[in-house]
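All remarks here apply to the structure that follows.
The values are calculated or read from the model by the stated rules, or taken from the named source; none is laboratory data. Because the structure is predicted, anything quoted here is derived from the model rather than measured. Neighbour counts run over all protein chains shown; Cβ positions are idealised from the backbone, glycine included. These accessible areas exclude ligands, DNA and RNA; they are computed on the full protein's heavy atoms, side chains included. Shrake-Rupley method; radii C 1.70, N 1.55, O 1.52, S 1.80 Å.
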Amino acid sequence: MKKVHIRRMEEFDLDQVVEVERLSFKTPWPKEIFYQEVVENIYAHYFVVEIDQKIVGYAGMWAVIDDAQITNIAIKPDYRGYKIGEQLFHYIFQQAIQMGIRRLSLEVRASNIIAQRLYRKFGLVPGGIRKNYYTDNQEDAIIMWVKL
Ligand SMILES: CC(C)(COP(=O)(O)OP(=O)(O)OC[C@H]1O[C@@H](n2cnc3c(N)ncnc32)[C@H](O)[C@@H]1OP(=O)(O)O)[C@@H](O)C(=O)NCCC(=O)NCCS
């Protein structure tokens, strides 16, 4: 796999990001939500991963004082399984540490074992369950977290 480049998400990235999103989730976020996150939400920090100047994945978090929540992470299907998601997660994890975050958490579908395995590699452990959290299929969300 070629060299990856990770940088902050910008407004001009949104069409490519929405494409990654559409290919990754059953109920994808529309462009307007990414616009709010990148342009308007001062608590949001989003990053893209590029190969040959094309966006192949993204991740984001909300950070308030010393608490952060990963909102999402996705890699384009053709690029999965090459440790790109892990590099991106490592990057956002380091960003959180540099920002003084003490507690990092996220929600993940109970059935999404692949993502849970990725998060466990960074020390995140299950801390609770939100029953019937996902409206498309009433699936539970597992809350995972780690102290930094
Ligand atoms: C989750 C996701 C970001 C992982 O990205 P990726 O680049 O494919 O993952 P990597 O190649 O970096 O693998 C990192 C770790 O994830 C886990 N993993 C990745 N693919 C896996 C698979 N097919 N089966 C089991 N575990 C897997 C493993 O723990 C792996 O580490 P290991 O190879 O040392 O065991 C990607 O699968 C994705 O975009 N999924 C759809 C969107 C999604 O579900 N996002 C999470 C929302 S909470």
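Structure values in brief
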item	result
Contacts under 8 angstrom Cβ, first residue in region 106-131 being more than 21 Å from ALA96 (Cβ to Cβ) and in a strand (DSSP E or B), partner within 6 Å of the ligand (Cβ to nearest atom) and modelled with pLDDT of 95 or more, 6 or more apart	ARG109/ALA115
Condition broken by TYR58, with the remaining ones in (1) open to solvent by 30 Å² or more (accessible area, probe 1.4 Å); (2) closer than 29 Å to ASN137 by Cβ satisfied	(1)
Per-region count, region 7-27, residues open to solvent by less than 60 Å² (accessible area, probe 1.4 Å) and over 13 Å from the mean Cα position of the chain (by Cα)	4
Subset of region 114-144 [open to solvent by 80 Å² or more (accessible area, probe 1.4 Å) and not polar (S, T, N, Q)]	ILE114, ARG117, ARG120, LYS121, ILE129, ARG130, LYS131, TYR133
So ILE33, is it away from the ligand (no atom under 13 Å from the Cβ), more than 16 Å from the chain's Cα centre (by Cα), without any contact (Cβ under 8 Å) to a residue 12 or more places away in the chain and open to solvent by 40 Å² or more (accessible area, probe 1.4 Å)	no
Residue within region 55-64 that is more than 16 Å from MET9 (Cα to Cα), over 14 Å from the mean Cα position of the chain (by Cα) and either more than 12 Å from the ligand (Cβ to nearest atom) or at pLDDT below 95 (or both) present	yes
Selection status of SER111, open to solvent by 70 Å² or more (accessible area, probe 1.4 Å), more than 6 Å from the ligand (Cβ to nearest atom) and closer than 26 Å to PRO30 by Cα	yes
Some residue of region 78-97 being charged (D, E, K, R), open to solvent by less than 80 Å² (accessible area, probe 1.4 Å) and either within 12 Å of the ligand (Cβ to nearest atom) or over 18 Å from LYS26 (Cβ atoms) (or both)	yes
Single condition PHE25 does not satisfy, out of (1) in contact (Cβ under 8 Å) with a residue 60 or more places away in the chain; (2) closer than 23 Å to THR135 by Cβ	(1)
Given (1) assigned to a strand (DSSP E or B); (2) free of Cβ contacts under 8 Å to residues at least 24 places away in the same chain; (3) of a type in the set (D, E, K, R), index of the condition ASP140 fails	(2)
Candidates ILE6, ILE33 - the one that is in a strand (DSSP E or B) and of a type in the set (Val, Ile, Thr)	ILE6
Residues that are over 23 Å from GLY85 (Cα atoms) and within 14 Å of the ligand (Cβ to nearest atom), drawn from region 119-133	ARG130, TYR133
Which listed residue, of ARG120, ARG103, is modelled with pLDDT of 95 or more, under 30 Å from LYS54 (Cα atoms) and charged (D, E, K, R)	ARG120
